[in-house]
Amino acid sequence: MRSLETHEPLPGVQVGDVGTKIGYNTIDNGYLMFNQYRVPRKALLSRFVSITKTGDFKMKSNPRIIYQIMVQTRIAITAGAANVLHRAACCATRYAACRRQFASIKGSDEERQLLDYQLHQDTLSKHLSIAMTLHLVISDLINLETQSSIEIQNGSFKLLDILHHFSAGMKALVTDFCYVGVDELRQACGGAGFLLSSGIADWWGEAAPFPTFEGVNVIMYQ
């Protein structure tokens, strides 16, 4: 696609970056366009599928192996989202233990910790308990995927169907928990949570694509 001498795109090939996103900017997202450009057959990515010299599409292996890779990707997203929620809950809880607001302690001029307020406790404990529970569930899901991979090597795909249902549903559920939960935890930190230096604001931006990529959640729930 590029000249071996100048490294510029060849005539008929256009490449570019999609631009800055609201988050996940550590990952580059680009576009590739062909205009009256012929890609040599030998240059095609053909690990699992190929095109014959006569133009016929040919599968090189069982198509279910490809779907196993998608399942693995969704599980990885699920585990990542749970980790982000857990980090945000930990950060917000530590902030609530240090930040004080209103001198309402009888016989003392010292202000109360945010952690003393029941409404604040409810916000923090809800997301912390969700994150901890998700880690346990995802651990079982990873074990199931590991067993499925072993059986696939032996030619058995019997676990793939149930693994598909679990991974799709969990991907939707966990990423929604993460997207909503991290923002609620950010708000629980007040103005400090609005600062990028808090970390939480950045984590929300990094987690924002989770409900969309590798299967939009409104479909994954079905």
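The values are calculated or read from the model by the stated rules, or taken from the named source; none is laboratory data. This is a predicted model, so every value here is computed, not measured. All Cβ positions, glycine included, derive from the backbone under ideal geometry; neighbour counts span all protein chains shown.
Structural remarks
- Yes/no for Gln68 being under 19 Å from the mean Cα position of the chain (by Cα) and either surrounded by fewer than 12 Cβ atoms within 10 Å (Cβ to Cβ) or closer than 24 Å to Gln147 by Cα (or both): yes
- When segment 144-159 is filtered for residues that are closer than 22 Å to Gly80 by Cα and either among the hydroxyl-bearing types (Ser, Thr, Tyr) or surrounded by 19 or more Cβ atoms within 10 Å (Cβ to Cβ) (or both), the ones remaining, listed by number, are Glu145, Thr146, Ser148, Ser149.
- Look at (1) under 27 Å from Ile27 (Cβ atoms); (2) in contact with a helix residue (DSSP H, G or I) (Cβ under 8 Å, 6 or more places away or on another chain); (3) not small (Gly, Ala, Ser); (4) not in a helix (DSSP H, G or I) and you find that Thr212 fails only one, number (2).
- Extreme residue, farthest from Pro9 (Cα to Cα), among residues of segment 26-41 that are of a type outside the set (A, V, I, L, M) and without any contact (Cβ under 8 Å) to a residue 12 or more places away in the chain: Asp28
- Candidate set from segment 105-116 (those that are free of Cβ contacts under 8 Å to residues at least 12 places away in the same chain and surrounded by 13 or more Cβ atoms within 10 Å (Cβ to Cβ)); member that is farthest from Val182 (Cα to Cα): Ile105
- Asp161 vs. criteria part of a helix (DSSP H, G or I), assigned by TED's automatic domain parsing to the domain that holds Ala76, of a type in the set (Asp, Glu) and over 15 Å from Gln68 (Cβ atoms): no
- Tallying residues that are surrounded by 10 or more Cβ atoms within 10 Å (Cβ to Cβ), within 30 Å of Asn154 (Cα to Cα) and either under 29 Å from the mean Cα position of the chain (by Cα) or of a type in the set (Asp, Glu) (or both) within segment 29-50 yields 4.
- Per-region count, segment 186-209, residues part of a loop (DSSP other than H, G, I, E, B) and surrounded by fewer than 18 Cβ atoms within 10 Å (Cβ to Cβ): 2
- Members of segment 14-28 found to be loosely packed, with under 12 Cβ neighbours inside 10 Å and at pLDDT below 85, listed by number: Ile22, Thr26, Ile27
- In the set Thr6, Thr73, Thr78, only one residue is among the polar types (S, T, N, Q), in a loop (DSSP other than H, G, I, E, B) and either over 25 Å from Asp161 (Cβ atoms) or assigned by TED's automatic domain parsing to the domain that holds His120 (or both); that residue is Thr6.
- Inter-residue pairs, beta-carbon under 7 Å, first more than 18 Å from Ile75 (Cβ to Cβ) and in segment 147-158, second loosely packed, with under 12 Cβ neighbours inside 10 Å, 6+ apart: none
- Hits in segment 30-47 - residues which are part of a loop (DSSP other than H, G, I, E, B) and at pLDDT 90 or above: Asn35, Gln36, Tyr37
- Verdict on Lys53 being surrounded by 10 or more Cβ atoms within 10 Å (Cβ to Cβ) and basic (Lys, Arg): no
- Scoring Lys126 on the criteria (1) over 16 Å from the mean Cα position of the chain (by Cα); (2) modelled with pLDDT under 90; (3) assigned to a helix (DSSP H, G or I); (4) not acidic (Asp, Glu) leaves a single failure, condition (2).
- Which numbered condition Leu85 fails, given (1) outside any loop (DSSP other than H, G, I, E, B); (2) farther than 29 Å from Ser139 by Cα; (3) touching a helix residue (DSSP H, G or I) at 6+ places or on another chain (Cβ under 8 Å): (2)
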